[in-house]
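A short worksheet on the structure shown next.
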Amino acid sequence: MRRSTALQLTLLITLLNAGILLAPRLSLRQSTQLRVVFLDVGQGDSCVIQTPTGQVIVIDTGNRSLDGQDDMGRRVVAPYLRSQGVQRVDLLLLTHPDLDHIGGADTLLDRFPVGMLATNGQDRQPNQEEVVKRATQTGVAVHHARQGETMDLGGGVVAQVVAPIGDDVNEPTNSHSVVLRLTYGASSLLLTGDADTAEEERILQGGTLSSTQLLKVGHHGSRTSTTEPFLRRVAPKIAVISVGKRNPFGHPAPATLERLNRQGAQVFRTDRQGAITCVSDGASWTCRPYTQ
Ligand SMILES: [Zn+2]
């Protein structure tokens, strides 16, 4: 029943030669704003994007404990979506197979109709294999995001897949993170997953990455991400760090904070400020933390 309802509700998501098109939603929220919420999922990433024409895109889903008891999808992401009146997720994109990014994916697939699941292609990694299997079993299309692809997310929001670069699905998961650059009018957003120095270097060598106003800082502010040359190229005005309180990795690294500071970026962090909501009017971003 649920599956057939999901299929009926499914708005056309068409794979075009040039990329993916999420068809506009006719009866839902219409506005002139692009809204991006970086949820507080502790040590992990999860970001919810709502386009001006009501499409809902979830990028990563937070962590899940190994025994499955503590699941950020169940504890944070799904309740947040419900609180926003979200009935379905048009696109669920998982940047890479690490559990602090895909831990809540099973919950979302169970609780919401999902238009499409996009991954970085490392679908043989144990956790990701399970998620892809569950998606396939419930009739959700699975797409392998590739560099150079564009996704029309609707309402004038376009995403470009900046990485992963190359097809080596056996490389370390962080180095194969999906890096996505969104534009809405003149405003821009770069989502980097856990991209590390190696991936940042490859992106820079590609030479196509433009400066971007809002940056989701790579790998929770790790020292080995957000390198100086990468930061100079991106030149963000605002940087958001998704990171857990008292995490055992020492994220965010003081050196990364210092680099962001030197760049002059306004920094928000989920461990101290809770969820960070950023809204674009098509020109620039205004970000507001849950707690000041
Ligand atoms: Zn991570």
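The values are calculated or read from the model by the stated rules, or taken from the named source; none is laboratory data. Everything numeric here is computed off the predicted structure, so don't read it as measured data. No Cβ is skipped: glycine too gets one built from the backbone with ideal geometry, and neighbour counts run over all protein chains shown.
Within 25 Å of P126 (Cα to Cα) and touching a Gly at 6+ places or on another chain (Cβ under 8 Å): is that true of D45 in this structure?
On the way: within 25 Å of P126 (Cα to Cα): yes; touching a Gly at 6+ places or on another chain (Cβ under 8 Å): yes.
It is true that D45 is within 25 Å of P126 (Cα to Cα) and touching a Gly at 6+ places or on another chain (Cβ under 8 Å).
Do you know which residues across the range 55-83 are touching a helix residue (DSSP H, G or I) at 6+ places or on another chain (Cβ under 7 Å) and either in a loop (DSSP other than H, G, I, E, B) or polar (S, T, N, Q) (or both)? So that I can check it myself, show each step before the final result.
Step one: list which residues in the range 55-83 are touching a helix residue (DSSP H, G or I) at 6+ places or on another chain (Cβ under 7 Å), which gives 58, 60-64, 71, 73-74, 77-78.
Those that are touching a helix residue (DSSP H, G or I) at 6+ places or on another chain (Cβ under 7 Å) and either in a loop (DSSP other than H, G, I, E, B) or polar (S, T, N, Q) (or both): T61, G62, N63.
Can you tell me which residue is nearest to Q213 (Cα to Cα) among those in the range 255-270 that are of a type outside the set (V, I, T) and within 18 Å of the chain's Cα centre (by Cα)? Even if it seems obvious, please write down each step before you answer.
Residues of the range 255-270 of a type outside the set (V, I, T): 255, 257-266, 268-269.
Applying the additional criterion that residues be within 18 Å of the chain's Cα centre (by Cα) yields 268-269.
Details: F268: 14, R269: 17 Å.
If we take residues in the range 255-270 being of a type outside the set (V, I, T) and within 18 Å of the chain's Cα centre (by Cα), then F268 is nearest to Q213 (Cα to Cα).
Yes or no, residue by residue, for (1) touching a strand residue (DSSP E or B) at 6+ places or on another chain (Cβ under 9 Å); (2) at pLDDT below 95; (3) small (G, A, S):
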| residue | (1), (2), (3) |
| --- | --- |
| S27 | no, yes, yes |
| S46 | yes, no, yes |
| G62 | yes, no, yes |
| S83 | no, no, yes |
Which ones in the range 141-153 are crowded, with 21+ Cβ neighbours inside 10 Å and free of Cβ contacts under 8 Å to residues at least 60 places away in the same chain? A145
Filtering the range 33-58 for residues that are within 12 Å of the ligand (Cβ to nearest atom) and on the phi < 0 side of the Ramachandran plot leaves a count of 4
Count of residues meeting criterion [outside any helix (DSSP H, G or I) and either within 16 Å of the ligand (Cβ to nearest atom) or touching a residue at least 40 places away in the same chain (Cβ under 8 Å) (or both)] in the range 93-113: 9
State all residues of the range 114-126 that are within 16 Å of the ligand (Cβ to nearest atom), over 14 Å from the mean Cα position of the chain (by Cα) and closer than 18 Å to L180 by Cβ; if no residue qualifies, say none. Q122
Any residue at all in the range 218-226 that is farther than 27 Å from T51 by Cβ, of a type outside the set (S, T, N, Q) and free of Cβ contacts under 8 Å to residues at least 12 places away in the same chain? no
Residue by residue through the range 124-154, note down the ones that are over 15 Å from V114 (Cβ atoms), assigned to a strand (DSSP E or B) and among the small types (G, A, S). G154
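Scanning for something within 21 Å of L189 (Cα to Cα) and not charged (D, E, K, R), does the range 66-79 turn up at least one residue?
Quick first cut of the range 66-79, residues within 21 Å of L189 (Cα to Cα) only: 77.
Now narrow it down to the ones that are not charged (D, E, K, R): 77.
Checked the range 66-79: at least one residue is within 21 Å of L189 (Cα to Cα) and not charged (D, E, K, R).
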